[in-house]
Amino acid sequence: MKIGLVCPYDYSYHGGISAHVSYPAHYFLLMGHRVKIFAPCSKNGVSYFGADVIRVEKPLSMPSNKSIAHIPISPWLPIQAKRGLSQEGFDILHIHEPFCPTLSFSVLMESHFINVGTFHAYYSKPRAYWLFQPIFRRLRPKLQGKIAVSQAAREYVSCYFSGDYQIIPIGVDVDFSSSSSPSRRVC
C-alpha cells in the first residue's frame with residue numbers, strides 16, 4: 001500500500017505532530033508499505049527513520065494559541081499539493097490538522113484518495129473553525145476517517161463538525177523512553 005502522511009508544521013524539528021507523523025511512517029515502512037511525507041521543512045534533507053519527505057515550502061513563524069506555529073503560508077500550496085498528489089498516486093492519505101488553513105487544507109482540497117484526518121487542536125477562542133466553517137463543511141465529506149488525539153480535541157472539533165471521531169493518543173517510543181535514565185528531581 002502507498003501511504004501519504006501530511007504534517008502541517010515544520011518537519012525539521014522533531015515535536016508532537018512531527019513525531020505523530022514519523023513514528024507511524026517508520027512502522028508502515030517496517031510492514032512493507034511505501035510511505036511519503038508531505039511537510040514544510042526549514043532545513044534540507046530532513047528524514048526520520050528513512051521515510052521520504054516531499055518538502056513543501058519553507059515555514060514561517062506565526063503566533064498561534066499562545067505558542068508559535070511554524071507553518072507555510074503561500075498561494076502556491078494548492079498547486080504544489082495537486083502536483084505532489086498526482087505524481088504519487090497514494091492509496092490513503094493521513095492528514096494531520098486537515099482544517100489547518102495551510103498545507104493540510106490544500107492537500108485535502110486536492111485529494112481524490114481515501115483520507116484520514118487527525119485533529120490535535122483545542123482552542124479557547126476558535127476563530128479559524130468559526131470563520132471558515134462554511135468551507136470546511138464542504139470538505140468534511142472528503143474525510144473517510146476521523147481521529148482526535150484527546151477527549152478535549154474531540155470535543156473541540158465536534159462542536160463545529162459532527163462525526164465519529166476515534167481517540168488515538170500520540171504514541172510514545174517505549175524502547176527509546178525506557179533506555180533513558182530517569183531524571184533526578186530536586187526538592
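The values are calculated or read from the model by the stated rules, or taken from the named source; none is laboratory data. Computed from a predicted structure; not experimentally measured. Because the Cβ atoms are built from the backbone with ideal geometry, glycine has one as well, and the counts that use them run over all protein chains shown.
Some observations on this one:
- Residue that is farthest from residue 10 (Cα to Cα) [pool: residues in the range 85-119 that are assigned to a strand (DSSP E or B) and of a type in the set (Val, Ile, Thr)]: 114
- Residues in the range 54-84 that are surrounded by 12 or more Cβ atoms within 10 Å (Cβ to Cβ), in a strand (DSSP E or B) and at pLDDT below 80: 6 in all.
- Of all residues in the range 16-49, those satisfying the criterion of being among the small types (Gly, Ala, Ser) and out of contact with any strand residue (DSSP E or B) (no Cβ under 9 Å at 6 or more places or on another chain) are 16, 19, 32.
- Pair list, Cβ < 7 Å and 6+ apart or interchain, from the range 156-185 residues that are under 15 Å from residue 23 (Cβ atoms) and of a type in the set (A, V, I, L, M, F, W, C) to residues that are in a loop (DSSP other than H, G, I, E, B) and at pLDDT 80 or above: 168/149; 170/149
- Qualifying residue in the range 36-53 (condition: closer than 28 Å to residue 158 by Cβ and in a helix (DSSP H, G or I)): no
- Checking 121, 128 one by one, the residue that is of a type in the set (A, V, I, L, M), under 28 Å from residue 152 (Cβ atoms), surrounded by 14 or more Cβ atoms within 10 Å (Cβ to Cβ) and modelled with pLDDT under 75 is 128 and no other.
- Of all the criteria given as (1) modelled with pLDDT of 90 or more; (2) closer than 24 Å to residue 4 by Cβ; (3) not charged (D, E, K, R), the one not satisfied by residue 152 is (2).
- Among residues of the range 49-73, those that are farther than 16 Å from residue 11 by Cβ and hydroxyl-bearing (Ser, Thr, Tyr), counted: 2
- For the criterion of being within 19 Å of residue 18 (Cβ to Cβ), in contact with a strand residue (DSSP E or B) (Cβ under 7 Å, 6 or more places away or on another chain) and at pLDDT 90 or above, residue 95 passes.
- Verdict on residue 145 being loosely packed, with under 13 Cβ neighbours inside 10 Å, touching a strand residue (DSSP E or B) at 6+ places or on another chain (Cβ under 8 Å) and of a type outside the set (A, V, I, L, M): no
- Members of the range 1-28 found to be of a type in the set (A, V, I, L, M), in contact with a Phe, Trp or Tyr (Cβ under 7 Å, 6 or more places away or on another chain) and assigned to a helix (DSSP H, G or I), listed by number: 17, 25
- Any hit, the range 23-35, residues being in contact with a helix residue (DSSP H, G or I) (Cβ under 9 Å, 6 or more places away or on another chain), within 21 Å of residue 168 (Cα to Cα), buried (at least 19 other Cβ atoms within 10 Å of the Cβ) and modelled with pLDDT of 85 or more: yes
- Count - residues of the range 129-155 that are without any contact (Cβ under 8 Å) to a residue 40 or more places away in the chain and over 21 Å from residue 16 (Cα atoms): 14
- Unmet requirement for residue 51, which otherwise passes all of (1) under 27 Å from residue 134 (Cβ atoms); (2) among the aliphatic types (A, V, I, L, M); (3) surrounded by 13 or more Cβ atoms within 10 Å (Cβ to Cβ): (1)
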